[in-house]
Amino acid sequence: MRNRSRLAVFVAAMLLAGAAVAKEHPGKEYIERNGYQGPSTCEAQGCHPGTAKEFLNTVHWKHASPVPNVEGLEPGKEYGMKNRIYTMCNGNDIVNNLKEIFNPATGKTKFSGCNSCHPGNHISDVGSVGKEAENAIDCLICHASKYDFRQRRASEDKTGRVVMGQDRSKEAALSVGRPDVKNCMVCHESAGGGVLLKRGFAFTKETDVHAKNGMVCVDCHASKNHRIPTGFDPNNWASDGLRVSCEDCHQGTPHKDGDLNRHVARIACQTCHIPRTGGAIAKDFTRWTQGADKFYEPTTLKKEANETTPVYAWYNKTVRNEPHFIGPKGSREEKGSRIYPFKIFEGKAFFDKKTGNLLSMDFAPPMATGDALAGVASAAKTLGIKEYEPVPGWQTIYFGSTHLVTKEKALTCFHCHSRNGVLNFRALGYAEQEEEKLTNASIYFDKMAEQQKEDW
Amino acid sequence: MRKALKVKVAAAMTVLLLLLAGGVAMAEEMKMVGDVVKIEISGPDAKTAKATLKDTKTGDLVTITVNDDLTLDKFKDHRIGVGDEIRCKYEVKDGKNVSKYFRKTAGC
């Protein structure tokens with residue numbers, strides 16, 4: 001009954017949303033008359049006042065924020081893709097800044113850099129402030145449904161500065177609205193060196209029940225003043241201080257079955273409802289592979305969305321952060337911990353033998369010649385590191401697994417409570433006798449037998 | 001008895017024929033990496049498009065028919081354009097190379 005009510009509310013919301021989409025943008029006439037000049041147009045005539053300034057203080061612009069839940073970080077310092085490194089992305093906005101890379105084998109060039117997704121024009125770059133930065137914001141890349149991506153290309157201006165283009169056409173501006181899945185995925189699907197590699201999920205009706213029900217990213221990641229809520233992925237550190245969770249909608253006792261509801265206290269929703277993961281499983285930044293265009297890329301083992309299985313661990317939403325491991329903290333004994341699924345990724349890169357720390361890499365040298373150590377040297381120079389001794393090593397990363405949600409294929413009793421079940425109870429802190437009991441069909445036999453009878 | 005045997009043989013032959021026919025109809029999946037040299041799409045409402053890729057290994061030009069909405073949308077707003085390197089899987093159906101997977105190789 002409760003689920004039905006929720007469904008009715010959702011359907012009503014979707015209908016209202018549909019009506020809202022169909023509603024004409026109040027600024028249409030102004031844009032038709034005056035064209036589009038960027039954020040100043042959005043803020044003209046008292047519409048969206050102060051929005052550009054407000055946006056400069058978000059993670060999407062700064063690529064960094066205070067990170068209170070990760071151990072081993074400098075207090076007071078902000079972290080994010082601006083400055084952090086790990087072995088999925090061994091560079092960052094600072095050491096692997098967007099630039100034109102020359103390939104000596106072909107004489108051709110290409111533009112590449114971690115900040116190529118930044119919604120500015122690169123002259124006003126990650127974390128920049130002031131009027132010029134406000135004017136450089138590319139509002140339409142997130143808000144226009146008719147953005148022409150031929151305009152969003154990097155090029156050099158007359159003074160040799162690398163500039164990222166934007167579509168500021170009237171046609172794009174007239175198509176503004178709430179961001180659709182496409183607006184988000186333009187950047188988020190290509191992270192980590194290729195399509196759907198990093199987090200390994202596709203938000204489509206075939207792969208996610210929310211997408212199947214017509215929902216879009218911002219239905220859950222609903223922004224407040226351009227601050228966008230995120231979950232507690234152990235490897236996604238920066239946040240706007242707002243959080244999103246399944247429980248925001250699916251509260252209290254989300255199942256009809258009381259036994260399933262009993263699990264909610266210690267088992268995260270994702271554990272049963274996201275039984276698969278995908279994307280890159282391993283990457284080697286010490287060994288770059290030459291592609292057809294004669295440029296090099298780090299050697300990467302790639303899998304499709306839903307092609308791999310997660311690993312399960314206790315997680316209290318704080319993060320163990322060591323040079324060779326980034327992953328969840330938590331335990332069975334700790335009341336705030338729950339069992340979550342994680343996408344496991346292993347990356348190889350260079351570590352400094354002197355400090356044990358992971359070294360960062362400027363991708364330009366290895367991309368051009370395959371010389372990974374030249375990339376480390378270039379990054380060290382940028383950061384002012386004079387002495388280091390690079391040695392190859394591996395790092396294990398636990399990525400949060402919070403998309404690819406399924407209702408029909410959710411795990412049920414026997415998937416976990418059987419000898420060949422998906423949970424490794426011993427590794428999760430259960431004694432041998434407990435494991436024996438927890439992996440026995442007696443737990444669910446009568447109930448499943450009854451269900452089987454009803455099904456047939 | 002003899003009639004029953006005939007029926008069984010006929011049934012077995014039918015199953016065999018169906019299996020063989022199925023085998024013939026089952027298209028082989030082809031894979032390639034290539035640069036986009038041309039995209040032909042008839043407008044914003046197009047439900048199909050043709051993309052010509054230059055195979056990076058052989059240099060051959062291969063024309064791929066694309067029908068999936070996501071890739072068509074990327075053609076329409078030029079997220080995929082001429083010069084982009086593509087990893088593609090396709091099946092030959094009725095003389096056409098029909099795309100099953102069409103993604104840019106590059107990321108950030």
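The numbers here are math on the coordinates, done by the rules we state, and not lab data. Bear in mind that the values here come from a model prediction, so they are computed numbers and not experimental data. Glycine also receives a Cβ, built like all others from the backbone with ideal geometry; neighbour counts cover every protein chain displayed.
Annotations
- The mean count of C-beta atoms from other chains within 10 Å of the C-beta of residues in A:286-297, rounded to a whole number, is 2.
- Sorted by Cβ neighbour density within 10 Å, fewest at the top, the residues A:Cys187, A:Cys89, A:Cys47: A:Cys47, A:Cys187, A:Cys89
- Per residue of A:186-197, other chain Cβ atoms within 10 Å of the residue Cβ number 3 on average.
- Estimated translational diffusion coefficient (Stokes-Einstein, Kirkwood radius over Cα pairs, 10 °C, 1.306 mPa s) of the range A:255-368: 93 µm² per second.
- Relative intensity of the range B:27-100 on a log10 scale, I(q)/I(0) at q = 0.17, 0.21, 0.28 Å⁻¹, equals -0.57, -0.88, -1.43, per a Debye sum over C-alpha point scatterers of equal strength in the absence of solvent.
- Of the beta bridges in the protein assembly as shown, as assigned by DSSP with both residues counted there, near 85 percent are antiparallel.
- The order of the peptides A:337-345, A:407-415, A:56-64 by mean Cβ neighbours within 10 Å, most packed first, is A:337-345, A:56-64, A:407-415.
- Taking a point 7 Å from the Cα of A:Lys353 along the Cα-to-Cβ direction, the residues of the range A:384-423 with backbone N closer than 20 Å to it are A:385-395.
- On the basis of the beta-carbon distance and an R0 of 41 Å, A:Ala431 and A:Ser223 show a calculated FRET efficiency of 0.35.
- Across the options A:His417, A:Leu438, A:Leu428, the greatest Cα extent toward the positive end of the charge dipole of the range A:413-456 (unit charges at beta carbon of Lys, Arg, Asp, Glu) belongs to A:Leu428.
- Considering helices alone, the calculated mean residue ellipticity of the protein assembly as shown at 222 nm is -7500 deg cm²/dmol, with DSSP H runs of length four and up weighted by -39500 (n - 2.57) and normalised per residue.
- Membrane-span-like helices in chain A (whole DSSP H runs, Cα extent of at least 24 Å along the helix axis, mean Kyte-Doolittle hydropathy of at least 0.5): A:2-22.
- Legend: mean number of C-beta atoms from other chains within 10 angstrom of residue C-beta atoms, peptide B:96-108, equals 5.
- For B:Arg79, the residues 5 or more places off, or on other chains, whose built amide H falls under 5 Å of its own are A:Phe149.
- Trypsin sites (Lys or Arg not before Pro) within the range A:346-405, DSSP loop, no more than 15 other Cβ atoms inside 10 Å: A:Lys353, A:Lys354, A:Lys386
- Seen from all directions on average, the range A:413-456 presents a Cα convex hull projection of 3.1 nm².
- Diffusion constant of the range A:2-411 at 37 °C, which comes from Stokes-Einstein with the Kirkwood Cα-pair radius and 0.692 mPa s, µm²/s: 143 µm²/s
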